[in-house]
């Protein structure tokens, strides 16, 4: 078989593993400025309407452990107001990858600044007040 033609030997592999195969979660590690070492993975994204007056948006759900303790769920709310503010300021929409990048930057900020992160589980937000600041280091605009 030539090096460039593998289509016959790997037929069907381009679609990925069968649905019956579940992939394990890959934890990532973050050493925070607080001295805590976090391990985390992204679990899911849900469209929600927050009843606290925050309106509609998406909850990005992460599973987090701090210094090898019991895992906990951390939700970061990405407000639709953040999307509107970004679009108004830059005349371009934020795609899913940029939204995830803003959420990750908010996650890292929480790791670095929040000493009692487990108690902040629903207080982490990306909205019109912080979207510019969160994405500035990534030079997306």
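The values are calculated or read from the model by the stated rules, or taken from the named source; none is laboratory data. What you see is a predicted model; the values in this text were computed from it and never measured. Reconstructed Cβ throughout: ideal geometry from the backbone, glycine too, with neighbour counts over all protein chains shown.
The table that follows gives values for the structure above.
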| quantity | calculated |
| --- | --- |
| Matching residues, the stretch 28-43, being at negative phi and either part of a strand (DSSP E or B) or surrounded by fewer than 12 Cβ atoms within 10 Å (Cβ to Cβ) (or both) | 28, 29, 30, 31, 33, 37, 38, 39, 40, 41, 42, 43 |
| So residue 102, is it without any contact (Cβ under 8 Å) to a residue 40 or more places away in the chain, outside any strand (DSSP E or B), under 12 Å from the mean Cα position of the chain (by Cα) and surrounded by 15 or more Cβ atoms within 10 Å (Cβ to Cβ) | yes |
| Residues within the stretch 69-99 that are surrounded by fewer than 16 Cβ atoms within 10 Å (Cβ to Cβ) and either on the phi < 0 side of the Ramachandran plot or touching a strand residue (DSSP E or B) at 6+ places or on another chain (Cβ under 8 Å) (or both), tallied | 15 |
| Count - residues of the stretch 115-140 that are part of a loop (DSSP other than H, G, I, E, B) and closer than 21 Å to residue 58 by Cβ | 8 |
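Rundown of residues vs (1) assigned to a helix (DSSP H, G or I); (2) surrounded by fewer than 10 Cβ atoms within 10 Å (Cβ to Cβ); (3) modelled with pLDDT of 80 or more, yes/no style:
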residue	(1), (2), (3)
1	no, yes, no
17	no, yes, no
23	no, yes, no
26	no, yes, yes
45	no, no, yes
59	no, no, yes
